[in-house]
1. Using only Cα atoms, what is the ratio of the radius of gyration of the stretch 324-430 to 2.2 N^0.38 Å?
2. Using a 1.4 angstrom probe on the protein heavy atoms only, line up ASP359, ASP246, ASP133 by accessible area, largest first.
3. With every protein chain kept in place and ligands, DNA and RNA left out, what is the accessible area per residue of the stretch 196-291? Probe 1.4 Å, answer in Å².
4. How large is the accessible surface of MET22 in square angstrom, using a 1.4 angstrom probe and rounding to the nearest 10?
5. With label points built 7 Å along Cα→Cβ from the Cα atoms of ASP393 and PHE425, find their separation and express it in nm.
6. I'd like the per residue volume of the convex hull spanned by the Cα atoms of the stretch 204-361, given in cubic angstrom.
7. Would you mind getting me the FRET efficiency between SER234 and SER409? Use the beta-carbon distance for r and R0 = 22 Å, nearest 0.05.
8. Charges at C-beta only: +1 for Lys and Arg, -1 for Asp and Glu. How large is the resulting dipole of the stretch 355-426 about its Cα centre, in Debye rounded to 20?
Amino acid sequence: EGAGVYDIPWFELLAISIIQLMSLYIFGGYEIQTLAPARQKWQRGLLSSGATVLAIVFFNYFFGKEKAGLYGRGVLLGSLVGFYLVSNLYRQLVFSAFSKRTAVSRWLVLSSPSFLPSLKSDLERQGLLSSVDFLICNPQIKETSQKSSFFLSLSSQLKKTWAGVIVAVEKSDYLMPIGDPAGTTLIHFLMDLRFQGQTLHDLSAFYENLWRKVPVYYLAPEWFAMGEGFVIVSHPIRQRVKRLFDIGVSLTLLVLTAPLLLLASALIYLESPGPVVYRQTRTGKGGEDFTILKLRSMILNAEAPGKAQWAQVKDSRILKCGNFLRKTRIDELPQLLNILKGQMSFVGPRPERPEFNQDLEKQIPFYNMRHLIQPGLTGWAQVMYPYGASVEDAQEKLQYDLYYIKNYSPLMDFQILLRTVRVVFLGSGR
């Protein structure tokens, strides 16, 4: 008589749908940046569909034995091919529409000279430099005629249609007289623009909304003192929830990855006899040092001269199996013990070596702020930016770390875990 509504395995279908959405997120199916390269797009779609098929097989085997006909091989194969094609074609259409929209959208940046180099560098890295026009706000202008010229240039630029105006000026520059007949300052001019309907963006808010990081070169101490967020630093309940999460995930992963740790240890010893666990001093919360545990991925005495060195691309010190261990982050699994000891969290800024910290704190503003919370096995900076091996990389990663500390939530931790799965499966670590 046919299957009734109560014969349909709703639980399995719901679980499979959730896994499909998670798989698409893990492999970048919802990110515009990953839709552009056609080859990468189709590869990641295949990975996502493959993960869903594994989920269907799992639930069919363990929960759906009596209803196995609903998941016949023909239906399974046809569904996989159909979903794969429709999903990727749909994403290609979305990307095409997005590309056409951004191609005609232009932004105006009103910037002080001091912020211009870093801002241009970030825009170029994101491929947006060609969509932006700049107007330099120079407080050193003394001549009335030059101020009038700046005001006329600003007024003429703002008569155009802009997607938005990004305001990146020094605090003192807001009071700059811009030379119009009424003697209006820049801040009053911008207030009038906003109330006339022009969209204005503060630089820090623009970074947070678009790139999910903060512009460290633009920040002032009052941003930390008076800004919103940072609940993880001062909220005891959030801290307890995060600690319980750390313990639960760490214990689970230690049990699940124990065979993998034994296999990796054997491979390390066979290639390079000696201790397979590497101990190193790192800086934790509050600037306190602790001993981190890692699987050794380099030759013995890799730093024989005694000087701390960043790992480089194609570093000759890395073992053959070490390359795989580093790319998949397997070498960092012993840090689960550091988490259980309370020295680390599962999610947080990457713990750095004291030798590097001393130099970086001198060169990068607010670098010590990353020590407000416990360092993490994975983190927002680790999944958003490749391995850093320079001061410039350290500054870039700090911008992501500060965003995480400011905007922490359990949901964000879950999001970072999903992105970490992507790093492991795609081998994009180092």
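The values are calculated or read from the model by the stated rules, or taken from the named source; none is laboratory data. The structure displayed is predicted, hence computed values, not measured ones. Backbone-built Cβ (ideal geometry, glycine too); neighbour counts: all protein chains shown. These area figures cover heavy atoms from the full protein model, side chains too; ligands, DNA and RNA do not enter into them. Shrake-Rupley method; radii C 1.70, N 1.55, O 1.52, S 1.80 Å.
1. Working: Rg = 13.3 Å, N = 107, 2.2 N^0.38 = 13.0 Å.
The stretch 324-430 yields a ratio of 1.02.
2. On the way: ASP359 80, ASP246 0, ASP133 45 Å².
Correct descending sequence by accessible area is ASP359, ASP133, ASP246.
3. Numbers: 5600 Å² over 96 residues.
Per-residue accessible area for the stretch 196-291 comes out at 58 Å².
4. About 60 Å², rounded to the nearest 10.
5. Output for this residue pair reads 2.6 nm.
6. Details: hull volume 24.7 nm³, N = 158.
Output value, Cα hull per residue: 156 Å³.
7. Numbers: r = 15 Å, r/R0 = 0.67.
Given R0 = 22 Å and the Cβ-Cβ separation, E is 0.90.
8. Numbers: 6 positive and 8 negative charges, 60 e Å.
Value, rounded to 20: 280 debye.
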